[in-house]
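The values are calculated or read from the model by the stated rules, or taken from the named source; none is laboratory data. These numbers come from a predicted model, not from an experiment. Virtual Cβ from ideal backbone geometry, glycine too; neighbours counted across all protein chains shown.
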């Protein structure tokens, strides 16, 4: 995926007098579609859906039914919420390996605040979000101040939090789990909004709605706001961005806050839905977020990608997770499958983008 | 040295430096350099590597302050605190790397850092239509007809990218345009295109400072020539006072070139190397060795 940083020089805008006929039609729709970062992911998602719909061994072909849809949207939604935030950060040129473990940290903190300190659930949620924001600021400032790769900084954060999650939980509960009491004030309303279901007999998870909403908001931010312009710029070439007055540090810190707070949202949802949370929650998930973002067309080198693409990437992960179970395959192949998908997506995206860059003349 | 040639137009020049010096510790980066830039004129700053060209640009663009001398913008003495001050005074630099983001579209690059928005509060958003329209108009003034404003800047040629950077500087109020080695990384044809933009900017009434080490690029477009060598002013000429051959010779330091050509001749065992030595000698003295 790191290929497109040296795009093929095309000769599209020419000096006057080069003849106007050839550009009367403008850029063809096909070429315009090919330029979209999410195209490869969309084609991939269709292919993966067809694959698992056809190998489905459940009675009544559950995978392609609405009940099956409930299953794979549920699986995809928590990846999706994170993938959108991680994609924005990746477009901004950085990684956050602590994003997975942050879901655990946030859920455990909520459990601690509610169960141990008897706080109102909503107040607990506000504190957890503020805590996550602070972790995001810390990650961002460390990356900017030390000028070290965010890969290393957030790897350190990841391990610090991972140890703390288990250590603190053991100290306080003598178990590896924090319960969230449903007697706590505000629990019912919070669970309805963050950990409940909708569309009665099928019971889709609330998280699906949050996922869709976040995808829409992120897409709008990326494409239609000044801040979105800055995200692409700091990821594409931070020196150039700085030279024209883009606040590079502020942009990156906000993006790190975005991933940490999205992780908090997912952690809160898990804690409310299952009325408790395991201390190992989220560990290892950070790679799924990155896979979803990259499958969705994000460049590892930054400056290119989309939120919709990342969501489609998360959907593919959801398809695979549920599809493999329904196909009655050994679930261990799930990882192999995702590895192959990642490999293919990287190849297809690179090819598509190269073609799109050279097709326009 | 001299304050340059007689002023061709009345009023103070857009930009003028008088005997400025800049020291880094005990290293003399620039010593007693004077030059002026008038609207509708191209002032070429020529010098080999290490001549002090970049120190001079950095002073003019507010990156460095100066230690001695005077710096006047439209007749008023200034002391810039940073690049932002220089930009506010209408002095814009188009850097060698152009400060464009290759993967971003032309219109996004054009307005990067100064995005036009409409709406208020949470509905505040980029005014895409306005941005595309202005970008198209401004590039058309430079003779470029953009077919697709969403095209990534990275797919443009070096010359076209230069045009985007120049058009952007002009649109955001530049009166003095400093072009830092705009042709150094380009081929012959692309260099020609950039020289065309230099002339266009001049014709639109801007004062242009064209920094280069190539007199063949400077001479055709320049109105004045300022030569730097080892941080000092070697000469300052109007076009009528000098010729391309003279400029080339002064720039490379005629004697030095002659010595180089002799050395090469001694070492020359291959005909190609002898040819190079002959050419050097020609450049140095104007006659074959």
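At a glance:
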read-out: Residue in segment B:49-69 that is surrounded by fewer than 17 Cβ atoms within 10 Å (Cβ to Cβ), at pLDDT below 90 and either in contact with a helix residue (DSSP H, G or I) (Cβ under 8 Å, 6 or more places away or on another chain) or not assigned by TED's automatic domain parsing to the domain that holds residue B:185 (or both) present; value: yes
read-out: From A:209, A:148, residue being under 25 Å from residue A:289 (Cβ atoms), without any contact (Cβ under 8 Å) to a residue 12 or more places away in the chain and outside any helix (DSSP H, G or I); value: A:148
read-out: Of all residues making up segment A:223-266, the number that are within 11 Å of chain B (Cβ to nearest Cβ), part of a helix (DSSP H, G or I) and under 21 Å from the mean Cα position of the chain (by Cα); value: 12
read-out: Lone unmet requirement of (1) outside any strand (DSSP E or B); (2) touching a helix residue (DSSP H, G or I) at 6+ places or on another chain (Cβ under 6 Å) for residue B:178; value: (1)
read-out: Positions within segment B:108-123 being more than 15 Å from residue B:170 (Cα to Cα) and either loosely packed, with under 14 Cβ neighbours inside 10 Å or more than 9 Å from chain A (Cβ to nearest Cβ) (or both), in sequence order; value: B:116, B:118, B:119, B:120, B:121, B:122, B:123
read-out: Criterion: out of contact with any helix residue (DSSP H, G or I) (no Cβ under 6 Å at 6 or more places or on another chain), modelled with pLDDT of 95 or more and over 30 Å from residue A:274 (Cβ atoms) - qualifying residue of A:220, A:230; value: A:220
read-out: Some residue of segment A:205-221 being over 19 Å from the mean Cα position of the chain (by Cα) and surrounded by fewer than 19 Cβ atoms within 10 Å (Cβ to Cβ); value: no
read-out: Any hit, segment B:120-134, residues being in contact (Cβ under 8 Å) with a residue 40 or more places away in the chain and either in contact with a helix residue (DSSP H, G or I) (Cβ under 7 Å, 6 or more places away or on another chain) or in a helix (DSSP H, G or I) (or both); value: no
read-out: Yes/no for residue A:289 being touching a residue at least 12 places away in the same chain (Cβ under 8 Å), assigned to a helix (DSSP H, G or I) and away from every other protein chain (no Cβ under 14 Å); value: yes
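Here's the yes/no breakdown for (1) in a helix (DSSP H, G or I); (2) in contact (Cβ under 8 Å) with a residue 24 or more places away in the chain; (3) outside the structural domain of residue B:33 (by TED's automatic domain parsing); (4) buried (at least 22 other Cβ atoms within 10 Å of the Cβ):
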site	(1), (2), (3), (4)
B:182	no, yes, no, yes
B:190	yes, yes, no, no
B:208	no, yes, no, yes
B:211	no, yes, no, yes
B:217	yes, yes, no, yes
B:235	no, yes, no, no
B:245	yes, yes, yes, no
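Rundown of residues vs (1) at pLDDT below 85; (2) away from chain B (no Cβ under 12 Å); (3) under 30 Å from residue B:144 (Cα atoms), yes/no style:
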| site | (1), (2), (3) |
| --- | --- |
| A:16 | yes, no, yes |
| A:25 | yes, no, yes |
| A:29 | yes, yes, yes |
| A:61 | no, yes, no |
| A:70 | no, yes, no |
| A:73 | no, yes, no |
| A:77 | no, yes, no |
| A:85 | no, yes, no |
| A:98 | no, yes, no |
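Residues are listed down the side, and each one gets a yes or a no for (1) in a loop (DSSP other than H, G, I, E, B); (2) without any contact (Cβ under 8 Å) to a residue 24 or more places away in the chain:
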residue: B:33; (1), (2): no, no
residue: B:44; (1), (2): no, no
residue: B:48; (1), (2): yes, no
residue: B:58; (1), (2): no, yes
residue: B:70; (1), (2): no, no
residue: B:93; (1), (2): no, no
residue: B:99; (1), (2): yes, no
residue: B:109; (1), (2): no, no
residue: B:115; (1), (2): yes, yes
